[in-house]
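Structure first, then comments.
The values are calculated or read from the model by the stated rules, or taken from the named source; none is laboratory data. The shown structure was predicted, so the numbers you read here are calculated from the model rather than taken from an experiment. For neighbour counting, all protein chains shown are included, and Cβ atoms are generated from backbone atoms with ideal geometry for every residue, glycine included.
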């Protein structure tokens, strides 16, 4: 078992609001540890729009999203936050000593008396095709990721999708699988041109069976996948024998496992009290785009404010016997309060 | 027609039409319009063509702006996509769209 990570505030989500929480917590001498499913800090800003200018960060007429993240990382450096990156927060339980224990999908265990959920849009999860009994076949022939290509050796594989990952895995697995079928809704592929050409070559050579203008609409098998039902735009319905079906339709943001932690949720967002952005579970706060309250605006600057107020209540949970005195950074610098 | 105001019909997933007054001077898109009338459109990603939760079928023959690569990429990954599919967040409300009719696409889980 890996070492258990212990901290004062466990922050789920290393986007701008999660990062700034470290600064405000640091002024109160609270230690922080951040968890993010993405392999780097910054959340959407780094992952999706690092080169887009943001115009509503106070004091910056314009700042590139990627630069804002770099600045935030620099701003929190003195407080030496810990990071668990590339792992998704999965299960949460309350320990007898009142702290929370949070385990990631990779099994890393974290303990803290306070959790800040700063998860933004949520964690990015595979988009599942709308096929009736698809969940019954998950891990029984249906995979949304290719984890170990060797699992597909000498098997009959059907891949669906038209983007880069569908093309790239089709090319790669054509060598490994016994049979490989690629199914795409349209004739054109939007992946990289050389991948598209390579798939067409492999199809011409009979190594990939390419079925376009078609979609998988049904699954067959008794406990284990044995085939897929394909609906073709002009040729109607037919079946393809398959040991594995790999739908690759990209990722979509989902609340994910956090939705099962007993938090009050409205339309995919966590309900909070605007006094301190606390949730209905004492000790868990939700800040930034992931929360909702009357008048909510999904803005980074609002998230910064939410983080600041949440830290005040977090202090009282971490140090129930201590008084909290408010200090300006102009007076005490980043030393903040003496604890 | 009121100045800077057009009519857009949004047919919901129960086939109920909603005729909406849509301002053309507020830099709004169709996803935002649906949300402002509390129609069941999530707009999870906030209009960056990243989630397809504002997927609609365009049912009238209005000339729309061409979809960007980002929008086409997202439609490629969405479900229930047809020839007249668009993302509401990429359709800017403008005078030429007066009388536009769209239908909300089914929600993909």
**OP:** Please specify each residue of the range A:110-130 satisfying the condition of being in contact (Cβ under 8 Å) with a residue 12 or more places away in the chain and within 14 Å of chain B (Cβ to nearest Cβ).
**Re:** A:119, A:120, A:121, A:122, A:123, A:124, A:125, A:126, A:127, A:128, A:129
**OP:** Of all residues in the range A:302-339, count the ones that are loosely packed, with under 14 Cβ neighbours inside 10 Å and over 22 Å from residue A:78 (Cα atoms).
**Re:** 4
**OP:** Report whether or not residue A:298 is farther than 30 Å from residue A:157 by Cβ, surrounded by 15 or more Cβ atoms within 10 Å (Cβ to Cβ) and free of Cβ contacts under 8 Å to residues at least 40 places away in the same chain.
**Re:** yes
**OP:** Of the conditions (1) surrounded by fewer than 15 Cβ atoms within 10 Å (Cβ to Cβ); (2) not assigned by TED's automatic domain parsing to the domain that holds residue A:281, residue A:214 clears all except one; give me its number.
**Re:** (1)
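Yes/no matrix, rows are residues, columns are (1) outside the structural domain of residue A:303 (by TED's automatic domain parsing); (2) outside any strand (DSSP E or B); (3) within 23 Å of residue A:313 (Cα to Cα); (4) more than 23 Å from the chain's Cα centre (by Cα):
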position	(1), (2), (3), (4)
A:51	no, yes, no, no
A:72	no, yes, yes, no
A:101	no, no, yes, no
A:120	no, yes, yes, no
Original post:
Quick check: is even one residue across the range A:70-89 within 14 Å of another protein chain (Cβ to nearest Cβ) and within 20 Å of residue A:251 (Cβ to Cβ)?
Top reply: no
**OP:** Within the range A:74-96, track down each residue that is in a loop (DSSP other than H, G, I, E, B) and modelled with pLDDT of 95 or more.
**Re:** A:80, A:81, A:95, A:96
Subject >> Complete set of residues in the range A:5-37 that are in contact (Cβ under 8 Å) with a residue 60 or more places away in the chain and assigned to a loop (DSSP other than H, G, I, E, B) >> reply: A:7, A:8, A:13, A:14, A:15, A:28, A:29, A:30, A:37
Subject >> Filter result (under 18 Å from residue A:9 (Cβ atoms) and buried (at least 16 other Cβ atoms within 10 Å of the Cβ)) within the range A:88-100 >> reply: A:89, A:92, A:99, A:100
Original post:
Out of A:72, A:64, which single residue is surrounded by 16 or more Cβ atoms within 10 Å (Cβ to Cβ), touching a strand residue (DSSP E or B) at 6+ places or on another chain (Cβ under 9 Å) and farther than 23 Å from residue A:4 by Cα?
Top reply: A:64
**OP:** Just name the residue that is surrounded by the most Cβ atoms within 10 Å (Cβ to Cβ) out of those in the range B:46-72 that are at the interface with chain A (Cβ under 10 Å from one of its Cβ atoms) and touching a strand residue (DSSP E or B) at 6+ places or on another chain (Cβ under 7 Å).
**Re:** B:52
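With the condition kept exactly as written, say whether any residue in the range B:13-21 is touching a helix residue (DSSP H, G or I) at 6+ places or on another chain (Cβ under 8 Å) and either surrounded by fewer than 14 Cβ atoms within 10 Å (Cβ to Cβ) or in contact (Cβ under 8 Å) with a residue 40 or more places away in the chain (or both).
No, there is no match, as no residue in the range B:13-21 is touching a helix residue (DSSP H, G or I) at 6+ places or on another chain (Cβ under 8 Å) and either surrounded by fewer than 14 Cβ atoms within 10 Å (Cβ to Cβ) or in contact (Cβ under 8 Å) with a residue 40 or more places away in the chain (or both).
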**OP:** Working only within the range A:303-339, note down all residues that are closer than 19 Å to residue A:99 by Cβ and part of a helix (DSSP H, G or I).
**Re:** A:310, A:311, A:313, A:314, A:315, A:316, A:317, A:318
**OP:** Mind counting the residues in the range A:148-203 that are under 21 Å from residue A:220 (Cβ atoms), in contact (Cβ under 8 Å) with a residue 60 or more places away in the chain and within 12 Å of another protein chain (Cβ to nearest Cβ)?
**Re:** 2
**OP:** Pull up the range B:32-45, narrow it to residues that are away from chain A (no Cβ under 12 Å) and touching a residue at least 60 places away in the same chain (Cβ under 8 Å), then point me to the one that is surrounded by the most Cβ atoms within 10 Å (Cβ to Cβ).
**Re:** B:34
**OP:** Take the range B:73-109 and flag every residue that is within 23 Å of residue A:268 (Cα to Cα), within 14 Å of chain A (Cβ to nearest Cβ), out of contact with any helix residue (DSSP H, G or I) (no Cβ under 6 Å at 6 or more places or on another chain) and not in a loop (DSSP other than H, G, I, E, B).
**Re:** B:74, B:75, B:77
Subject >> Looking only at the range A:144-166, and only at residues there that are outside any helix (DSSP H, G or I) and crowded, with 22+ Cβ neighbours inside 10 Å, the one that is modelled with the lowest pLDDT >> reply: A:162
Original post:
Tally time: how many residues in the range A:248-293 are out of contact with any strand residue (DSSP E or B) (no Cβ under 9 Å at 6 or more places or on another chain) and within 14 Å of chain B (Cβ to nearest Cβ)?
Top reply: 0
